[in-house]
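To keep things clear, I will list the structure first and then write my remarks on it.
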Amino acid sequence: MSFSFFKASRPKTPSELAKTVKDSFNALDSITVAEVKALEKAMEEVEKNIVAMKVMLAGDGEVEPNPDQVAQLTLEVCNEDVIALFIHKLLILGWEARKNLVHCWSIMLKQKVDSTYCCVQYMENHLELLDFLVVCYDNKEIATHCGGMLRECIKLPSLAKYILESPSFGLFFKFVELPNFDVASDAFSTFKDLLTKHESAVSQYLTNNYSEFFEQYEKLLTSPNYVTRRQSLKLLSEFLLEPPNSLIMKRYIAEVSHLKVMMNLLKDSSKNIQISAFHIFKVFVANPNKPREIKLILAKNHEGLLALLNNLGKGGEDDQFEEEKELIMKEIEKVSRLANLES
């Protein structure tokens with residue numbers, strides 16, 4: 001007796017799987033919300049196909065993925081325009097399906113087919129998808145999943161450069177202060193990657209957009225939110241004090257408004273913020289080419305500054321910090337003496 005009808009169905013080829021994924025996504029558009037059962041069935045089909053795609057790309061824990069199939073599936077996903085569907089349909093998927101899709105995306109984006117990173121090329125030809133992912137921070141349901149996809153994209157210089165130069169980059173100044181802590185934290189992680197991953201692109205962006213950028217950034221440094229102040233101050237040190245941004249730093253430390261922000265942060269109620277502010281403040285003071293306006297501010301406030309610095313980090317910092325603090329205090333005293341002689 002034959003039981004051939006119990007045989008497992010033949011596994012789909014990468015080409016077939018890409019088409020199946022596309023068709024299952026598109027099928028959702030033809031079903032109205034009122035057709036509850038049909039919609040549930042269609043959603044199950046989508047989620048099943050996403051799992052099949054994940055298995056082909058990452059294996060199932062027992063069987064390793066086939067490199068040729070991974071490459072072929074990546075190519076077919078691009079050729080079939082499935083990537084746009086991934087991004088635009090993310091909202092209607094369940095949490096597990098979103099997580100699986102982000103995992104698939106991280107694999108495919110790194111996949112080189114012949115001599116081309118075809119997913120990167122696809123995104124370069126559909127840059128509006130990057131703007132869409134940024135705007136998704138406004139939707140807390142999918143914000144962190146879109147953030148995960150964005151950070152994978154930002155690893156590529158061409159995609160990071162586009163976001164930096166896009167008007168959508170300015171939205172991060174809002175997103176990092178959203179009331180939902182998880183979304184705001186995720187947005188800050190993406191913001192940080194954009195400003196630290198590709199030094200030459202960041203340097204060019206800051207050169208071209210200096211005034212607008214630092215006007216917005218100052219609002220983060222003076223935010224009533226402790227986490228925002230601390231994170232933005234730490235990030236400022238990371239990108240401002242990097243060698244490729246030396247010209248930006250020289251411009252920054254020549255401006256009185258920025259010095260005043262750091263002086264106020266030295267008085268912050270948080271010790272961590274005080275210490276971080278000191279590491280930027282000391283660059284203003286140590287600058288051998290301090291503008292006259294900077295010298296006047298330091299001289300005018302020298303008593304208060306010396307008192308603040310004298311108490312800064314007492315008992316909790318290393319010898320190098322104490323040495324730096326002593327040098328900065330001596331320089332402030334020197335600036336004050338010279339100002340008195342000139343007056």
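Taking the stretch 27-39, which residues are exposed (fewer than 14 other Cβ atoms within 10 Å of the Cβ), assigned to a helix (DSSP H, G or I) and touching a Leu at 6+ places or on another chain (Cβ under 9 Å)?
none
Check the stretch 213-231 and report whether any residue there is in the same structural domain as Leu130 (by the TED database), of a type in the set (A, V, I, L, M, F, W, C), out of contact with any strand residue (DSSP E or B) (no Cβ under 6 Å at 6 or more places or on another chain) and under 26 Å from Ile142 (Cβ atoms).
Of the stretch 213-231, the ones in the same structural domain as Leu130 (by the TED database) are 213-231.
Restricting the remaining residues to those that are of a type in the set (A, V, I, L, M, F, W, C) gives 213-214, 220-221, 227.
This time we only want the ones that are out of contact with any strand residue (DSSP E or B) (no Cβ under 6 Å at 6 or more places or on another chain), so: 213-214, 220-221, 227.
Narrowing the set further to residues that are under 26 Å from Ile142 (Cβ atoms) leaves 220, 227.
Yes, the stretch 213-231 has at least one match.
Going through Trp105, Trp95 one at a time, which residue ends up being of a type outside the set (Gly, Ala, Ser), in the same structural domain as Ala42 (by the TED database) and out of contact with any Asp or Glu (no Cβ under 7 Å at 6 or more places or on another chain)? Let's see the steps before the verdict.
Values: Trp105 fails: out of contact with any Asp or Glu (no Cβ under 7 Å at 6 or more places or on another chain).
On inspection, the qualifying residue turns out to be Trp95.
Where in the stretch 40-159 are the helices (runs of 4 or more DSSP H), entirely inside, with at least 2 residues that are open to solvent by less than 40 Å² (accessible area, probe 1.4 Å) and more than 27 Å from Ser200 (Cβ to Cβ)?
67-79, 82-88, 95-110, 143-154
Quick one: would you say Val82 is at negative phi and in the same structural domain as Leu28 (by the TED database)?
yes
Which one of Leu236, Leu259 is in a helix (DSSP H, G or I), open to solvent by less than 10 Å² (accessible area, probe 1.4 Å) and either touching a helix residue (DSSP H, G or I) at 6+ places or on another chain (Cβ under 6 Å) or under 21 Å from Leu298 (Cα atoms) (or both)?
Details: Leu236 fails: either touching a helix residue (DSSP H, G or I) at 6+ places or on another chain (Cβ under 6 Å) or under 21 Å from Leu298 (Cα atoms) (or both).
Unique residue meeting the criteria: Leu259.
So which of Ser203, Ser211 ends up being more than 27 Å from Cys104 (Cα to Cα), at pLDDT below 95 and polar (S, T, N, Q)?
Testing whether each residue is more than 27 Å from Cys104 (Cα to Cα), at pLDDT below 95 and polar (S, T, N, Q) leaves just Ser203.
Among the listed residues Phe175, Phe169, identify the single one that is in contact (Cβ under 8 Å) with a residue 24 or more places away in the chain, buried (at least 18 other Cβ atoms within 10 Å of the Cβ) and either in the same structural domain as Pro67 (by the TED database) or touching a Phe, Trp or Tyr at 6+ places or on another chain (Cβ under 7 Å) (or both).
On the way: Phe169 fails: either in the same structural domain as Pro67 (by the TED database) or touching a Phe, Trp or Tyr at 6+ places or on another chain (Cβ under 7 Å) (or both).
Within the list Phe175, Phe169, the selection yields Phe175.
Based on what the data block shows, is Val335 modelled with pLDDT of 95 or more, under 26 Å from Glu218 (Cβ atoms) and open to solvent by less than 80 Å² (accessible area, probe 1.4 Å)?
no
Test Ala254 against the criterion of being in a helix (DSSP H, G or I) and not hydroxyl-bearing (Ser, Thr, Tyr), and give yes or no.
Working: in a helix (DSSP H, G or I): no; not hydroxyl-bearing (Ser, Thr, Tyr): yes.
Considered against the rule, which asks whether it is in a helix (DSSP H, G or I) and not hydroxyl-bearing (Ser, Thr, Tyr), Ala254 comes out as no.
Condition test on Phe213, is it in a helix (DSSP H, G or I), in contact (Cβ under 8 Å) with a residue 12 or more places away in the chain and among the aromatic types (Phe, Trp, Tyr)?
On the way: in a helix (DSSP H, G or I): yes; in contact (Cβ under 8 Å) with a residue 12 or more places away in the chain: no; among the aromatic types (Phe, Trp, Tyr): yes.
When the stated conditions are applied, Phe213 does not pass them.
So which of Ala277, Ala307 ends up being of a type in the set (Gly, Ala, Ser), surrounded by 16 or more Cβ atoms within 10 Å (Cβ to Cβ) and part of a helix (DSSP H, G or I)?
Details: Ala307 fails: surrounded by 16 or more Cβ atoms within 10 Å (Cβ to Cβ).
Sole residue among the options that is of a type in the set (Gly, Ala, Ser), surrounded by 16 or more Cβ atoms within 10 Å (Cβ to Cβ) and part of a helix (DSSP H, G or I): Ala277.
The values are calculated or read from the model by the stated rules, or taken from the named source; none is laboratory data. None of the values given here were measured: they were computed from a predicted structure. We place every Cβ from the backbone using ideal geometry, glycine too, and count neighbours over all the protein chains shown. Just the protein is used for accessible areas: all its heavy atoms, side chains included, with ligands, DNA and RNA removed. Shrake-Rupley method; radii C 1.70, N 1.55, O 1.52, S 1.80 Å.
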